[in-house]
1. Connecting C-alpha atoms closer than 10 Å in a GNM of the chain, tell me which of 22, 12, 51 has the biggest fluctuation.
2. For Cα extents along the principal axes in Å, the listed values are (1) 44, 37, 35; (2) 51, 36, 33; (3) 49, 48, 36; which was obtained by calculation from the structure presented?
3. Which whole-number percent is the relative contact order of the chain (Cα, under 8 Å, 6+ apart)?
4. Springs between alpha-carbon atoms under 10 Å, Gaussian network over the chain: tell me which of 219, 164, 74 tops the mean-square fluctuations.
5. In percent, what relative contact order does the range 69-199 have, based on Cα pairs under 8 Å that are 6 or more apart in sequence?
6. If you find the alpha carbon centre of the range 189-224 and of the range 114-146, how far apart are they in angstrom?
7. Considering only DSSP beta bridges where both residues belong to the range 5-235, give the percentage that are antiparallel (nearest 5).
């Protein structure tokens, strides 16, 4: 293995499949199967799931909703996605724990750094839900923050609509150039839509590399962990 402890960032849209909203059980099962492959290889896996397939705080705010309220609703959407993923993993025999930044003990553990690391050492998958617990911060920032806290070796950013980082949206601009490698300084300087600036700065400051790749092809998560050249590799420094 190139990486022994990873943070896997899944967008909410990745769980929706072709329908574009909600949770597609077939997609969830496919992702869970790929995660199980990593556990079988004794890789320590932490996951951060977005909530865009159910609710987007920014969209609610743009329509006149209080931004903090809209963001808290988005955090609850990530909990729903996390529980769905946990259920799918456990049906495959993978021990999984959901830890939330907003306390809700009836459905998940509160986030405790030392406990999360202990779960990982016992080869349990840990899913970090409810973002950072604060409005105005994205799940990209959550990924960077949790990766730094648990000392993950890499963030694997699985996308459902692109296979890496491009100079422009390849679905709109056919001349968009795909990058094989970048630095976080390039990302910030050129305004590339990889992560938000807070997340990128956090990763750069803590020297956490990032691999951006497509999740639509089964086996790509394993390939990324093995260190194969897929997608785009963003260097920490």
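1. Checking each option, the largest mean-square fluctuation is seen for 22.
2. Correct label, based on the coordinates given: (3).
3. Details: 498 pairs, mean separation 51.9, N = 237.
For the chain, the relative contact order is 22 percent.
4. For the chain, modelled as a Gaussian network with Cα springs under 10 Å, the answer is 219.
5. Working: 149 pairs, mean separation 26.2, N = 131.
Relative CO of the range 69-199 lands at 20 percent.
6. Taking the Cα centre of each part, the range 189-224 and the range 114-146 sit 16 Å apart.
7. Details: 5 of 34 bridges.
Around 15 percent of the beta bridges assigned by DSSP in the range 5-235 are antiparallel ones.
Every number here is computed from the coordinates shown, using simple stated rules; none is lab data. Quick caveat, the model's predicted, so the values are computed rather than measured.
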